[in-house]
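Have a look at the structure below before the remarks.
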Amino acid sequence: MKIYDAATAPNPRRVRVFMAEKGIQVPYEPLDIVNAVNRGPEFRKKNPMAAVPVLELDDGTCIAESVAICRYFEETNPQPPLFGTDARNRAVVEMWNRRMEFALLSPITDAFRQHHDFFKGRIRQVPAYAEAQRLNAEDSLQWLESELANRHFIAGERFTIADITAMVAIDFGRVSKIAIKPDQKNLARWHAEVSSRPSAKA
Ligand SMILES: N[C@@H](CCC(=O)N[C@@H](CS)C(=O)NCC(=O)O)C(=O)O
C-alpha cells in the first residue's frame, strides 16, 4: 500500500493530517506535480482525473479523492473517529465537511488555480473568476467567524475531518492573500488550536 503525494498541495495534506491524527503509517510516494507527471498517461491509469492524492492498495486498487481515502482509513482504523460517532453526529460532520469543501476549499483553490502560472496550459483559466472566488472565500471566513462563536470545533465539540479541511484550506489561502483578519477572534482561536496539534505539521 502507498499514497501518491505532493508536499505543497492542499488535498494531499488533508490526507497526511488525517493519517497523523489516526497514527497510521503508510509509505508516501512524492509525485512531481510541478513537472505535471500527474497529467501523463502512466499516472492517469491510476487516476483519470490526473490529481493527487491517490491511495494504491496492495491488490492494485487505486482510490483517489481525499475524502474517499480518509473514509477507507476510518473503516480500517476507527479510532479516533474523525467522521462522527453515531448516525446523527456522522451526518452533522458530513454536512460541515461538505460546507468546508464547497464554501472554503473550493474558492480558495480556485483563487490560485484560475490565475497562477502553475495551471497555465493545464486548465482553462479565467483570472476574473480567481478574484471573485477570493472574495467568496473572504465572505466564507466571515461567516465561519460567527459560527465559531458557538462551538469549539467546526462540527461541534470534537475535532473532525471538517477541521482538517478548513485548516488546510485556510493555510493554502496564504498564496492568494486570503487570511484570517485581526478582528476574526473566533477563527483565530480555532486556527491556533488546530494548528498546535502535532498532525498539523504533516
Ligand atoms: N477532489 C480532489 C482534488 C485533488 C486535486 O485537486 N489535487 C491537486 C493538488 S491539491 C493536484 O493534483 N493538482 C495538480 C494538477 O492539477 O495538475 C481530492 O479531494 O483529492
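Exactly one of (1) within 13 Å of the ligand (Cβ to nearest atom); (2) surrounded by 18 or more Cβ atoms within 10 Å (Cβ to Cβ); (3) of a type in the set (A, V, I, L, M) is unmet by A130. Its number?
Every condition holds for A130 apart from (1).
Of the residues A9, A20, which is aliphatic (A, V, I, L, M), touching a residue at least 12 places away in the same chain (Cβ under 8 Å), closer than 21 Å to A200 by Cβ and within 14 Å of the ligand (Cβ to nearest atom)?
A9
I'd like to verify a number: residues in the stretch 72-95 that are within 16 Å of the ligand (Cβ to nearest atom) and not hydroxyl-bearing (S, T, Y), how many?
Result for the stretch 72-95: 5.
Taking the condition of being within 13 Å of the ligand (Cβ to nearest atom), touching a helix residue (DSSP H, G or I) at 6+ places or on another chain (Cβ under 7 Å) and either closer than 19 Å to A155 by Cα or not in a helix (DSSP H, G or I) (or both), how many residues in the stretch 105-115 meet it?
2
Looking at the stretch 113-127, I want the residues that are closer than 15 Å to A9 by Cα and of a type in the set (D, E, K, R) and have a partner that is within 11 Å of the ligand (Cβ to nearest atom) and assigned to a helix (DSSP H, G or I) with Cβ atoms under 7 Å, at least 6 apart or on another chain. Which pairs are those?
Once the first residue is closer than 15 Å to A9 by Cα and of a type in the set (D, E, K, R) and sits in the stretch 113-127, its partners that are within 11 Å of the ligand (Cβ to nearest atom) and assigned to a helix (DSSP H, G or I) give R113/F119.
Since every read-out is calculated from the coordinates, none of them should be taken as a lab result. These numbers were taken from a predicted model, which means no experiment stands behind them. Virtual Cβ from ideal backbone geometry, glycine too; neighbours counted across all protein chains shown.
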